[in-house]
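Taking it in order: structure first as structure tokens, then the write-up.
The values are calculated or read from the model by the stated rules, or taken from the named source; none is laboratory data. As the structure is a computational prediction, the values presented were derived from the model and not from experiment. Cβ placement follows ideal geometry from the backbone for every residue including glycine, while neighbour counts extend to all protein chains displayed.
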Amino acid sequence: MLSSGLKSHLGQILESTIQKVEVVSGGDISKAYCIYTPTQRFFCKVNNSAFAMEMFIAEKDGIEIIGHSKTISVPQILGCGEFEGNCFLLMEFIETKKPTQKDMETFGHQLAQMHSFPVGDSFGWKQNNFIGSLPQSNTYHTEWTYFYVHERLVPQLQMGLDKKLLHFNEVPTEKSLLEGCKGFFPEIIPALLHGDLWSGNYLISNEGIPYLIDPAVYYGHAEVDLAMTRLFGGFGTSFYNAYAEHFPITKGVGERTDLYQLYYLLVHLNLFGRSYYPSVMRLLRRYFD
Ligand SMILES: Nc1ncnc2c1ncn2[C@@H]1O[C@H](COP(=O)(O)OP(=O)(O)OP(=O)(O)O)[C@@H](O)[C@H]1O
């Protein structure tokens with residue numbers, strides 16, 4: 001539970017007394033709490049690991065850039081800091097309900113609008129951030145193939161080698177990664193991405209408003225977000241049909257979806273271990289043998 005010191009520190013930020021604190025389940029990385037003041041509820045994540053502050057600043061910046069696009073809602077950030085060795089990220093609490101088809105349709109439209117928000121000519125982001133609890137490198141590149149290979153595949157493959165989850169014989173060379181990817185990518189305009197868009201990272205409010213949470217933002221190919229939504233079951237036809245009204249399906253999207261899922265499968269391999277090895281190897285052989 002929250003220490004009394006941190007509780008009163010959060011109360012000062014909120015300029016209110018905190019009446020009650022409840023644990024919120026669902027997150028793997030940080031402890032999450034619902035904080036009750038006499039008038040409102042708030043959401044707070046707390047983490048005391050060595051990289052917690054960096055992680056929360058990256059999350060805050062990601063939420064704020066999405067908010068800045070004014071295309072899809074995000075919780076308002078109310079505080080981010082450290083108190084007595086505990087890092088915290090304090091934000092608006094979103095009261096949620098089970099999504100209807102209409103809500104998912106709205107979500108599809110708004111994600112497409114976020115992907116249409118103009119972001120310039122480069123792929124990357126002003127700072128590195130995190131994918132789950134793993135570092136995600138975002139050095140800017142003007143060529144998408146180069147970005148995807150150097151900033152996404154290579155670091156995760158290297159981590160797989162370091163953790164002895166992959167053998168060096170199984171890891172393609174940089175040259176074969178670049179050659180293997182090149183043929184699948186059309187001309188790509190950089191888009192603002194959520195970066196980790198699985199079903200645990202969006203909320204539908206009681207009013208039917210979609211909210212994005214816990215992003216790993218960068219400017220990349222919009223299809224990467226779509227590929228992540230499809231990795232574990234998909235978001236339903238209402239969502240995809242609405243999205244497709246803005247971005248009609250293009251040639252080769254199936255091949256690219258699998259190629260983009262390779263990144264997330266490598267992340268899962270490095271986070272959760274060998275059960276993801278067969279899926280990773282199947283894709284590595286398919287694209288780079
Ligand atoms: N602003 C919010 N309002 C209400 N509930 C929220 C809010 N943000 C997140 N949640 C809920 O809190 C839980 C944990 O949040 P979150 O996923 O961000 O934590 P995490 O520790 O970063 O976890 P992970 O990255 O493993 O998913 C989730 O179940 C999510 O639905």
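Would you please name the residue that is nearest to the ligand (Cβ to nearest atom), looking only at residues in region 39-53 that are touching a strand residue (DSSP E or B) at 6+ places or on another chain (Cβ under 6 Å) and under 19 Å from residue 205 (Cβ atoms)?
We begin by selecting, within region 39-53, every residue touching a strand residue (DSSP E or B) at 6+ places or on another chain (Cβ under 6 Å); these are 41-48, 52-53.
Okay, now just the ones that are also under 19 Å from residue 205 (Cβ atoms), so 41-45.
Working: 41: 8, 42: 8, 43: 4, 44: 9, 45: 6 Å.
Per the stated criteria, the residue is 43.
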Meets criteria (surrounded by fewer than 22 Cβ atoms within 10 Å (Cβ to Cβ), closer than 30 Å to residue 27 by Cβ and not acidic (Asp, Glu)) for residue 208: yes
query: Quick check: anything in region 185-193 touching a Leu at 6+ places or on another chain (Cβ under 8 Å) and surrounded by 20 or more Cβ atoms within 10 Å (Cβ to Cβ)?
result: no
message: Being assigned to a loop (DSSP other than H, G, I, E, B) and either among the small types (Gly, Ala, Ser) or in contact with a Lys or Arg (Cβ under 7 Å, 6 or more places away or on another chain) (or both) is the filter here; which residues of region 143-184 pass it?
response: 165, 183, 184
task: Answer yes or no as to whether residue 8 is more than 8 Å from the ligand (Cβ to nearest atom), assigned by TED's automatic domain parsing to the domain that holds residue 82, over 30 Å from residue 198 (Cβ atoms) and not hydrophobic (A, V, I, L, M, F, W, C).
output: yes
query: Could you say which residue among 78, 89 is within 14 Å of the ligand (Cβ to nearest atom), buried (at least 18 other Cβ atoms within 10 Å of the Cβ) and either among the aliphatic types (A, V, I, L, M) or under 25 Å from residue 114 (Cα atoms) (or both)?
result: 89
message: I'd like to verify a number: residues in region 29-64 that are exposed (fewer than 13 other Cβ atoms within 10 Å of the Cβ), in contact (Cβ under 8 Å) with a residue 12 or more places away in the chain and out of contact with any helix residue (DSSP H, G or I) (no Cβ under 9 Å at 6 or more places or on another chain), how many?
response: 2
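Of all the helices (runs of 4 or more DSSP H) wholly in region 194-289, which have at least 2 residues that are over 26 Å from residue 102 (Cα atoms) and of a type in the set (A, V, I, L, M, F, W, C)?
Numbers: elements: 223-229, 237-244, 253-272, 277-288.
Because the criterion is at least 2 residues that are over 26 Å from residue 102 (Cα atoms) and of a type in the set (A, V, I, L, M, F, W, C), the helices (runs of 4 or more DSSP H) in region 194-289 that meet it are 253-272, 277-288.
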- prompt: Is it the case that residue 58 is within 16 Å of the ligand (Cβ to nearest atom) and not in a strand (DSSP E or B)?
  reply: yes
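Scan region 105-136 residue by residue and report those that are in a helix (DSSP H, G or I) and either under 25 Å from residue 265 (Cα atoms) or of a type in the set (D, E, K, R) (or both). Spell out how you get there, then give the answer.
Pass one, region 105-136, residues in a helix (DSSP H, G or I): 105-116.
Of everything in region 105-136, those that are in a helix (DSSP H, G or I) and either under 25 Å from residue 265 (Cα atoms) or of a type in the set (D, E, K, R) (or both) turn out to be 105, 107, 108, 111, 112, 114, 115.
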field: Count - residues of region 133-154 that are within 21 Å of residue 257 (Cβ to Cβ) and crowded, with 19+ Cβ neighbours inside 10 Å
entry: 9
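Filter region 65-100 for residues that are under 18 Å from residue 209 (Cβ atoms) and either without any contact (Cβ under 8 Å) to a residue 60 or more places away in the chain or not in a loop (DSSP other than H, G, I, E, B) (or both) and give the result. Reasoning before the result, please.
Taking region 65-100 as the starting set, the residues that turn out to be under 18 Å from residue 209 (Cβ atoms) are 66-77, 91-100.
Within region 65-100, 66, 67, 68, 70, 71, 73, 76, 77, 91, 92, 93, 96 qualify.
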Selected residue [in contact with a Phe, Trp or Tyr (Cβ under 7 Å, 6 or more places away or on another chain), on the phi > 0 side of the Ramachandran plot and not hydroxyl-bearing (Ser, Thr, Tyr)] from 233, 220, 195, 180: 195
message: Looking at (1) free of Cβ contacts under 8 Å to residues at least 24 places away in the same chain; (2) farther than 21 Å from residue 159 by Cα, which one does residue 285 not meet, given that it meets all the others?
response: (2)
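When residues of region 156-173 are filtered for being surrounded by 13 or more Cβ atoms within 10 Å (Cβ to Cβ) and over 17 Å from residue 224 (Cα atoms), how many remain?
Taking region 156-173 as the starting set, the residues that turn out to be surrounded by 13 or more Cβ atoms within 10 Å (Cβ to Cβ) are 156-161, 165-166, 170-172.
So of that shortlist, the ones also over 17 Å from residue 224 (Cα atoms) come out as 157-161, 165-166, 170-172.
Of the residues in region 156-173, 10 are surrounded by 13 or more Cβ atoms within 10 Å (Cβ to Cβ) and over 17 Å from residue 224 (Cα atoms).
Taking the condition of being within 6 Å of the ligand (Cβ to nearest atom) and closer than 17 Å to residue 133 by Cα, how many residues in region 18-38 meet it? Break it down stepwise before answering.
Step one: of region 18-38, the residues within 6 Å of the ligand (Cβ to nearest atom) are 24, 26-30, 32.
So of that shortlist, the ones also closer than 17 Å to residue 133 by Cα come out as 26-30, 32.
Residues in region 18-38 being within 6 Å of the ligand (Cβ to nearest atom) and closer than 17 Å to residue 133 by Cα: 6 in total.
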